[in-house]
Amino acid sequence: MTHILLRHREIPDINQLSVYIKNGGLAAFKNAVTKMKPNEVTDVVKNSGLRGRGGAGFPTGMKWSFIDNKNWPHYIVANADESEPGTFKDREIMEGNPFQFLEGLMIGSYAVGANAAYIYLRGEFWEIAEALDAKIAELEEDGYLGDTLFGTDYSLRIYTHLGAGAYICGEETALLESLEGKRGQPRVRPPFPPAVGLYNKPTIINNVETFTNVPMIMTNGAEWYKSMGTADAPGVKIFSLSGRVRKPGNYELPLGTTFRELIYTHGGGVQESRKVRAIMPAGASSSLILVDDDNILDTQMDYLEVRKLKSELGSASVIIVDDTVSMDWLINKTVHFFQHESCGKCTPCREGTYWMSHLTERIHSGQAGKADVDLLLNVAKQMQGKCLCALGEFSTMAVVSSIERFREDFDNVVKA
Amino acid sequence: MTKQVTLTIDGKQVTVQEGTAVVDAAKLAGVDIPVFCHHPKLEPAGMCRMCLVEIGRPMRDRATGQFVMENGAPKIQFMPKLETACTNKVEEGLVVVTQSAKVAEGKNSILEFLLTSHPLDCPVCDKGGECALQDLTMAHGPGKSRFIYDEKRHLAKQKPLGELIFLDQERCIQCARCIRFQDEIAGDAVLEFDKRERSMQIVSRSDPGFDSVFSGNTTDICPVGALTTVDFRFGARPWELGAQASICAQCPVGCNITLNTRREAKTDGEIVVKRVMPRQNEEVNEIWMCDKGRFAYHYAGSKKRLAKPLVRKDKKLARSSWDAATKLAAENFAKDKKDFVILASGRLSNEDLFNLKSLADHAGGKAYLYSHMAGGELTSLVGVGAGTNFAAMGAGTTILVVASDLYQEAPIWYLRVKQAKERGATLIVMNPRETKLDRFASFKVRYEYGEEARTVHDLTKKSKEGDALLKSENVVILYGSEGLGVLGSQSLATACAKLLNENGFTGKPNNGLIGVWERANDQGAWEMGFTVEEDLAKALKGKAVYIVGADPVNDDPKLAKALEGAAFVAVQDVMETATTEIADVVLPAQAFTEREGTLTSGERRAQRFYPTVPVTGESKPDFAITAQIARNMGVILEGTSASVVFDLLAETVKSFEGLTYAKLAEVREQFPIVGRGDMYYGGTTYENKKGLGAHLSAAATRGEKVSIPRVQREPVPHPKDKELLAVPVNKLYDRGTTVMTAELLHQRIGEASVSLHPDAAEKLGVRAGQTVNVSFNGTSGQAVVKLDTSIAEDIALVPRSMGIAIREPVAVKVKA
Amino acid sequence: MLSKKYPKEVKQILSKYPPEGRRSALMPLLFLAQREEGYINKAAMQDIAEMLDITETEVAGVVGFYTLYHEQKEGKHRIQVCTDLPCALRGADKFMDDLCGNLGIKVGETTPDGAVTIEAVTCLAACDKAPMFQTQGPEGIKYHENMTVEKTLELVEGLRKNTA
Ligand SMILES: Cc1cc2nc3c(=O)[nH]c(=O)nc-3n(C[C@H](O)[C@H](O)[C@H](O)COP(=O)(O)O)c2cc1C
Ligand code: SF4
Ligand code: FES
């Protein structure tokens, strides 16, 4: 299959501006700025059915249309925080096919009327930020960024901004706080960023992969895009496959591809030819899918179908768990992650993840009794529906699903 | 008028202003939703999640936008999750349920989470008895913690954030009220969280720690015992405290306060003041107060209190009877009418000042206000009056602050001016140097010392500041005495009064002149007809002087010298001072905590204070002492009842007309609701049950014709070669009598200082931190050098009441 | 002072943000301040606070929130091994144990010569290339993927030379 997003896998040196342009790059942006009205651009994206690739799957065109046109200036932000355990796709895009991402961001900027765009990268992406800065400078030099572009009165500049190690800064309002030079703690919502965002101005935030789709949609049209994927989720998605598979990595596939195809055709199957025992389709934030029936692997990966398995597709960071793994160990890992990353702002998440990490540690180290497992399940459920942002909720997913679906793993390690 | 919105809370229909948070609307409807992080004065944070409720919204048809009806009423759609009542704003038709099994589970869970990290050391906690966590746990909490106790974290229990406020890290529930107060309300962002997750802790990195004059307020709104004042911690249990309403006497703002008292073994079972707490008056101090007011109350219980009248015999002060002492004073005052001088300070009450002024009038003496600042006759002409309220100032109002550093001189006005600006008012800050208020100014105007009156006069001539001011509906001017003595402040006041009067900014609410006086009741003295004297030393020399509530001997060697040459000196005060030491007669007065009376604030609001603790020794209220002296001079003044004195005052002084003690004691419903059973909501600030006070009228309000005299410009001394122009500035924590008795504040008071421009310092060959000698007119003093880049090179800033007696600008020599 | 030492960088950082967003420069300035010593000292915090017209406490609150800022002097280079779930499923924990064993230090400790500090961190977005770590030091942040203990020890030798 030819790639739409990971085009560097076929086109060598597409991360060079001249090569990118030779392959049709930046024509869509130029066309949008010189020939289209902003809302026409938004309409194309709306019609394509593109949904956000950052996790929540919110329709992108619809989000862009929410921008408050009574309040100016507008900002646009690319979310390149990529910190969900199991997710590593945005990084590959930015390293391999940076101009397509930048062009998507530029088209988005035009559509929402932003003259300044920020790329918020997790602090660890230091080298990527430096490389992007160089690409942005090239675009400026060649007249794709700057003032009065292509002789219109539209101006645009792009800036990179590094985080400094905090998973929560992927959450869009925490990201804005961080971008404003503050502690990355989520804001109260509403108001939502398209009304009140960066510096209290209307702001659109999208994931890197989301933006990277846009130039191709503008070039080939909404219908073309919709011809791929499913009705619920048109288009293609990069699945970050990790865990106990032979060939972990990013796989760009149409939405609706089955787990089986991802794991066996692309991922080379499970290590040591073992059995898939559980799947975490959305990284550490997933509810674990219990694979007790081989047919489950034939589930199509889109938002709806995965939800039917009582999980979520999220950012499609698919972690494969085989029968060498005990769930008490696994949730000890995930809970410690969330405990460490809880921003501390709201009570249930701050205290709940702390409490859960005590319990999973006790359970995993064999000091706990059966009642502790019940208590853990109870504490996790007690957190649900009460936190300020989704991180707190995420922290309970693996806990509740693993205790409910893999109880025997816990009973095996607790004291009689 | 903002839009009203009607919603239903627990079946009750409530109509409130648009934009109100659901939790506040519920409070107005009498429904208590428990909160920790929410505070009605702060922006919503939604952090603690204690206020979770069920919220239903009327369904609208997507196509038509009309309500979907069901059984004749809009169909209500409830969200699957509980929502925070603090972050959701009211909407038309909203349905809020605070009493359901689901909500109860929510509250119970949040409390259990909070208690997992809480030490539960209520029996030794200062907050016990007025603690939100304790109260809410009793009401909604789990019976037992399922979190095993030995896994609890142990953290610092006595961590100083500064020398005034301590943090108990174990008790903190991370609600961020203190951080948000400092950032949003005080404008001193000197508290922050360090770290994140459960390791998150409050820290202050300022130097000195917790560097804000509003720090004490955080202990009132801290919903647990995490923040305590060094003054009160381990001092008493809240439930054993008595409470009496009072007025803070530290500055012209007139914050409403409550004095908490208790019998104390240390004082032989006497009732003493244990702490000072703010008392709500939304028009004056809201629910806040500054640290000076909170901590500098100790003088009333000081060991140096005077308990008995003293009369000089054989060069020594010896005990006397009231009769003998007042007779002696009366005889001397009556000797020669021309030579009788009263020198009284604005520390006294209206009643005291009225009797003093009456005595002077009847006996033919002079009545001087002990102050370096003039212009009060103008504030009684065109001052602010009835209906004036900083809280109502916003867009359409211009506030001009000139020659005053409000943060240092009247901290609560600083807050209120800042808030008015944030609500849309135009703020013009005029000062020769940078002050804290500059950060919030719409316009900053700098001028040279000595140019203040001219700058005000020229303001309305084609400047953008002037245009903004003239276009406003309302204008308030606060003028102070930075760099000014009697003559300078007189010219400045005149220029300000003229500007207001000529442009119609007088005689109506939220318009007029406010003096940023040195003392709490200077305005009262002006209303009574006191005046200030430029050359006080000359005015005292050879006279029979009656000094009340002032310590000129300590303040100024020149005055000390003048009093040496006085014919007779009677001193009436609460404490031994350098001036009582040279007196012929010493008359012990009661402290404001021991008696009743009224004070007139800078915004001309008369407010009552009440007797709180037993009287010290034989001391008497000032007005009574004056009446007794007067009687011996054949003048009959009221000497027993403060309220009767006030009635006479109201009959005599026009601006007080119509006011009575009963009127000043009136209260109205105020919002937010504080100090009741729901301390978690507004904090431990006291509810106002004893009076909101009332404005005096101004001549302009009474419709009298006001004419403002011409501005007389004061010539500023020209420093010669090798000299600097020393200008007096005011400091909150100075060496004043009342402040020095608060040992807690000594670190903040610091040493006498002189601020120089870095270039000037270099020229003089002195460094920051070095002690130098400052000399002028034959006097000199030691001061530590500080640097200030915002002043001119020929200027030396010298704080008042810090050891170097400076009343007005003078040329000085500074030497290493 | 930062603006004296790195005038070009400071100017460039400040130019990225609108005047009302001046505080946005805080995080990049902190990275700049940390560049040489590997930690942010009090003087730098005061300096940055003044530059951005915020309080030192606000600066400290930000430093404390993010894991890539350090207030304590540790090894000149930090080796930050991802031991999060996806990497752990591919042997990261064992890699960490072996590495520490070979260096003779525990997680969180610094080699006696002050060259490297070993830290365990959460997911670095390189889950398909475990075992992996990043180095944080004067040269910035660099990824090292598909690592073995042998390769890592070689790298440590290189860093040691660079420290000496
Ligand atoms: C705890 C948390 C972490 C998140 N991390 C990321 C992230 O690393 N990258 C990302 O694009 N979105 C992340 N999101 C989702 C964002 O909040 C937001 O929905 C997304 O950036 C919107 O872009 P999209 O519409 O293009 O998906 C996270 C959300 C939460 C609650
Ligand atoms: S859920 Fe966790 S991460 Fe989100 S606001 Fe609450 S404490 Fe912070
Ligand atoms: S979350 Fe509403 S009061 Fe704290």
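General remarks:
- The set of residues in segment A:107-126 being more than 14 Å from chain C (Cβ to nearest Cβ) and touching a strand residue (DSSP E or B) at 6+ places or on another chain (Cβ under 6 Å) consists of A:Gly108, A:Ser109, A:Val112, A:Gly113.
- Filtered residue count, segment A:181-236, keeping only those that are farther than 20 Å from A:Thr160 by Cα, in contact with a strand residue (DSSP E or B) (Cβ under 7 Å, 6 or more places away or on another chain) and not β-branched (Val, Ile, Thr): 7
- Single condition C:Gly61 does not satisfy, out of (1) in contact (Cβ under 8 Å) with a residue 12 or more places away in the chain; (2) in a helix (DSSP H, G or I); (3) within 14 Å of chain B (Cβ to nearest Cβ): (1)
- Condition met for B:Lys462 (surrounded by fewer than 16 Cβ atoms within 10 Å (Cβ to Cβ) and either in contact with a helix residue (DSSP H, G or I) (Cβ under 6 Å, 6 or more places away or on another chain) or on the phi > 0 side of the Ramachandran plot (or both)): yes
- Residue in segment A:343-356 that is acidic (Asp, Glu), outside the structural domain of A:Gly243 (by TED's automatic domain parsing) and within 16 Å of ligand 3 (Cβ to nearest atom) present: yes
Each row is one residue, and each column tells you yes or no for (1) closer than 25 Å to A:Trp329 by Cα; (2) modelled with pLDDT of 95 or more; (3) surrounded by fewer than 24 Cβ atoms within 10 Å (Cβ to Cβ).
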{"residue": "C:Lys76", "(1), (2), (3)": "no, no, yes"}
{"residue": "C:Asp84", "(1), (2), (3)": "yes, yes, no"}
{"residue": "C:Leu89", "(1), (2), (3)": "yes, yes, no"}
{"residue": "C:Lys94", "(1), (2), (3)": "yes, yes, yes"}
{"residue": "C:Asp98", "(1), (2), (3)": "yes, yes, yes"}
{"residue": "C:Gly114", "(1), (2), (3)": "no, no, yes"}
{"residue": "C:Cys123", "(1), (2), (3)": "yes, yes, no"}
{"residue": "C:Phe133", "(1), (2), (3)": "yes, yes, no"}
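- Test: residue in segment A:342-356 that is in a helix (DSSP H, G or I) and more than 9 Å from chain B (Cβ to nearest Cβ): yes
- Qualifying residue in segment A:54-65 (condition: over 19 Å from the mean Cα position of the chain (by Cα), away from ligand 2 (no atom under 16 Å from the Cβ) and not assigned by TED's automatic domain parsing to the domain that holds A:Phe338): yes
- For segment A:312-356, a residue qualifies if it is away from ligand 1 (no atom under 16 Å from the Cβ) and not hydrophobic (A, V, I, L, M, F, W, C), and the qualifying residues are A:Asp322, A:Asp323, A:Thr324, A:Ser326, A:Asp328, A:Asn332, A:Lys333, A:Thr347, A:Glu351, A:Tyr354.
- Any hit, segment A:232-246, residues being of a type in the set (Asp, Glu) and in contact with an Asp or Glu (Cβ under 9 Å, 6 or more places away or on another chain): yes
- Scanning segment B:788-809 turns up one or more residues that are β-branched (Val, Ile, Thr), touching a Leu at 6+ places or on another chain (Cβ under 6 Å), within 28 Å of B:Leu559 (Cα to Cα) and not in a loop (DSSP other than H, G, I, E, B).
- Of A:Ala398, A:Ala371, all but one fail to be assigned to a helix (DSSP H, G or I) and either near ligand 2 (Cβ under 10 Å from one of its atoms) or free of Cβ contacts under 8 Å to residues at least 12 places away in the same chain (or both); the exception is A:Ala371.
- Any hit, segment A:57-71, residues being free of Cβ contacts under 8 Å to residues at least 12 places away in the same chain, within 13 Å of ligand 1 (Cβ to nearest atom) and part of a loop (DSSP other than H, G, I, E, B): yes
- Selection count, segment A:53-73, where residues are of a type outside the set (Gly, Ala, Ser) and in contact with a Ser or Thr (Cβ under 7 Å, 6 or more places away or on another chain): 3
- Residue identified as modelled with pLDDT under 95 and away from ligand 3 (no atom under 16 Å from the Cβ) among A:Gln339, A:Gln367, A:Gln384: A:Gln367
- Single unsatisfied condition, A:Val318 versus (1) away from chain B (no Cβ under 14 Å); (2) at pLDDT below 95: (2)
- Beta carbons closer than 9 Å, at least 6 apart along the sequence or on distinct chains, pair a first residue in segment B:230-255 that is over 28 Å from B:Gly346 (Cβ atoms) with a second that is aliphatic (A, V, I, L, M) and part of a helix (DSSP H, G or I) for B:Val230/B:Leu744; B:Phe234/B:Val124.
- The residues in segment B:213-248 that are in a loop (DSSP other than H, G, I, E, B), surrounded by fewer than 20 Cβ atoms within 10 Å (Cβ to Cβ) and among the small types (Gly, Ala, Ser) can be counted, and the count is 2.
- Test: residue in segment B:184-199 that is polar (S, T, N, Q), out of contact with any strand residue (DSSP E or B) (no Cβ under 9 Å at 6 or more places or on another chain) and more than 16 Å from ligand 2 (Cβ to nearest atom): no
- Pick from segment A:198-225, criterion more than 19 Å from the chain's Cα centre (by Cα) and of a type in the set (A, V, I, L, M, F, W, C), ranking: farthest from ligand 1 (Cβ to nearest atom): A:Trp224
- Annotation note: of B:Gly769, B:Gly750, the sole residue that is farther than 17 Å from B:Lys813 by Cβ, surrounded by fewer than 19 Cβ atoms within 10 Å (Cβ to Cβ) and at pLDDT 90 or above is B:Gly769.
- When A:Glu171 is tested against (1) more than 13 Å from chain C (Cβ to nearest Cβ); (2) surrounded by fewer than 20 Cβ atoms within 10 Å (Cβ to Cβ), just one condition goes unmet, and that condition is (2).
- Filtered residue count, segment A:174-197, keeping only those that are facing chain C (nearest Cβ under 9 Å) and either more than 19 Å from the chain's Cα centre (by Cα) or among the hydroxyl-bearing types (Ser, Thr, Tyr) (or both): 5
Residue-wise test of (1) within 16 Å of ligand 3 (Cβ to nearest atom); (2) at negative phi; (3) modelled with pLDDT under 95.
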position	(1), (2), (3)
A:Ser155	no, yes, no
A:Ala164	no, yes, no
A:Glu171	no, yes, no
A:Pro186	yes, yes, no
A:Pro202	no, yes, no
A:Val214	no, yes, no
A:Met218	no, yes, no
A:Glu223	no, yes, no
A:Asp232	no, yes, yes
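- If you go through segment C:101-121 and pick out every residue that is within 14 Å of chain A (Cβ to nearest Cβ) and touching a Cys at 6+ places or on another chain (Cβ under 7 Å), you end up with 2.
- Of the numbered criteria (1) within 11 Å of ligand 1 (Cβ to nearest atom); (2) within 14 Å of another protein chain (Cβ to nearest Cβ); (3) surrounded by fewer than 24 Cβ atoms within 10 Å (Cβ to Cβ), the one A:Glu95 fails is (1).
- Every condition in (1) within 16 Å of ligand 1 (Cβ to nearest atom); (2) under 40 Å from the mean Cα position of the chain (by Cα); (3) without any contact (Cβ under 8 Å) to a residue 12 or more places away in the chain holds for B:Lys81 except the one numbered (2).
The values are calculated or read from the model by the stated rules, or taken from the named source; none is laboratory data. Remember, predicted model here, so these are calculated numbers, not experimental data. As a convention, Cβ positions derive from the backbone with ideal geometry for all residues, glycine included, and neighbour counts pool all protein chains shown.
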